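Below is one structure, written out as structure tokens; comments come after it.
Coordinate-derived values only; no laboratory data. If you're wondering where the values come from, they're calculated on a predicted model, not measured in any experiment. Reconstructed Cβ throughout: ideal geometry from the backbone, glycine too, with neighbour counts over all protein chains shown.
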Amino acid sequence: MTTPPSAHHPTGAHPTPEPPDATPKPPDDTPEPLAERPTPAPARTARAQSFNAAAAQYAANRPSYPPALLDAIEDLTGRPLAGTRVADIGAGTGIATALLHARRANVIAVEPGDGMAAQFRRTLPGIPVIRGTGDDLPLTDDSVDLLTYAQAWHWTDPARAVPEALRVLRPGGALALWWNTDALDVPWIAEAAARTERHFNIDVSAEKRNVNARAADPTGLLDFTRRTVRWSRRVPVDTHLANIGSHSVFLVHDPESTASFLAEEREHLLRTFPDGFVEEVYEVVLFLARTPA
């Protein structure tokens, strides 16, 4: 009899290969607008599923996270990541999972989407990835020291995801949520955001407004500490355009309209960055809550 690969994993992950019966909520996108501007359910579902067809584009062009973010997690948890049992939820193509693994965390990934999970396996073949969502974690009780959600918590229902997190975390464990947010105080980024708002009729600044403890846990069960880490990366203009084009609002929009916008955006960017390299500036917003020891 063959033992399922997850049977001996320290997280106690269930070996069930299929996800729970729930709408997939994939990772790594900008947070949804605030409650006063809710996304209709069909539109949300379409956005949630849009990443699977663009997984390769996502993996190749999305930004990672700075070492200072992982330093902050170690500082707030009071322990090194090395040897820590971590479950990275909504892992997507494995951007955050790879960083946790590099810090020698004992990490497993949970991802609901077919396309994203397939890309994850191509990128990180040695790290276990199982199907599931934050609303119904395929993990046993008291099985992990740290749960991480990199650009993924906004796809959960906190009323379900918070109790699930508390169920699987060990005493003294921690829940860490973080997002790369655009540094809107940088003039060219603010101007690009304004163009995006006009074209797609969305509120780009809602991204940062929605990254707060009350939105993350409306129940108030968790006591979050907030840290912000500012960082940047310099990439070719086409990488930048492929990065923004991998966000769900672009993926679900009319392809011709999106292509036209990106072509115009390329012209704007080359006027600002005539050498063809864009300086993307981010603020990673981290929320971390510990469970009682």
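The calculated FRET efficiency for the pair A82 and R170, based on their C-beta separation and a Förster distance of 22 Å, comes to about 0.85. Using only side-chain charges placed at the Cβ, +1 for Lys and Arg and -1 for Asp and Glu, the dipole size of segment 60-138 relative to its Cα centre rounds to 300 debye.
Each residue, R160 and R271, gets one label point 7 Å from its Cα in the Cβ direction; the gap between the two is 4.7 nm. With Rh defined as the Kirkwood radius, the inverse of the mean 1/r over Cα pairs, the Rg/Rh of segment 77-173 is 0.94.
Nearest 0.05, what FRET efficiency do E197 and R233 give at R0 = 22 Å with Cβ-Cβ as r? Once rounded, the FRET efficiency stands at 0.40.
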